[in-house]
Amino acid sequence: MKKAGYLLLLFSVIFIAHALLKAEETITYNADIKPVISSKGCSGCHGFAGTYENLMAAVSSKTVNGVPIVNPAKPDSSVIIWRIEGKLPSGETISRMPPGGSLPEETITLFRTWIEQGANEDISTGVEKHTWSEIKRKYK
């Protein structure tokens, strides 16, 4: 009986440790992505005013050879990731954004994580302010 209790405790500790290690910070547009876009002058070339709605309006209906600019939850299928990394999924090198220099690796990881997490505007409170589908319908 004592041995079963220790095993249960051990598995509980392992489970909690695993959950803590897997927990990651939520990346949001307003807190994390917008400051990068603003500081790098992206809206000047790409023609949006820096708000989440304007960014999504600018990219939601645009594709490059059928691939969305931002494909929520799929960074490897998002043109923005290809451009800031300077390579296609095939490994072929392409010109990087922003022009004249590349983003630091931690910033590229920030964009990648934001898209993996769903390219959200703000931290989820159970119901997102705008879903990707709503934005696409609004701006098509």
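Figures for the structure shown
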| item | result |
| --- | --- |
| Where V59 falls short, out of the listed (1) surrounded by 17 or more Cβ atoms within 10 Å (Cβ to Cβ); (2) free of Cβ contacts under 8 Å to residues at least 60 places away in the same chain; (3) not in a helix (DSSP H, G or I) | (3) |
| Residues located in the stretch 47-66, provided they are modelled with pLDDT of 75 or more and more than 16 Å from the chain's Cα centre (by Cα) | N54, A57, K62, T63, V64, N65, G66 |
| Residue in the stretch 65-78 that is among the hydrophobic types (A, V, I, L, M, F, W, C) and either in contact (Cβ under 8 Å) with a residue 60 or more places away in the chain or assigned to a helix (DSSP H, G or I) (or both) present | no |
| Some residue of the stretch 84-95 being of a type in the set (G, A, S), touching a residue at least 40 places away in the same chain (Cβ under 8 Å), out of contact with any Pro (no Cβ under 8 Å at 6 or more places or on another chain) and in a loop (DSSP other than H, G, I, E, B) | no |
| Subset of the stretch 67-104 [within 17 Å of the chain's Cα centre (by Cα) and among the charged types (D, E, K, R)] | K74, D76, R83, E85 |
| The lone exception for T113 - which of (1) crowded, with 19+ Cβ neighbours inside 10 Å; (2) outside any loop (DSSP other than H, G, I, E, B); (3) polar (S, T, N, Q) it fails | (1) |
| Evaluation of Y6 against (1) of a type in the set (S, T, Y); (2) loosely packed, with under 11 Cβ neighbours inside 10 Å; (3) part of a helix (DSSP H, G or I); (4) modelled with pLDDT of 75 or more (one fails), failing number | (4) |
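The values are calculated or read from the model by the stated rules, or taken from the named source; none is laboratory data. All values derive from a computational prediction rather than experimental measurement. Neighbour counts run over all protein chains shown; Cβ positions are idealised from the backbone, glycine included.
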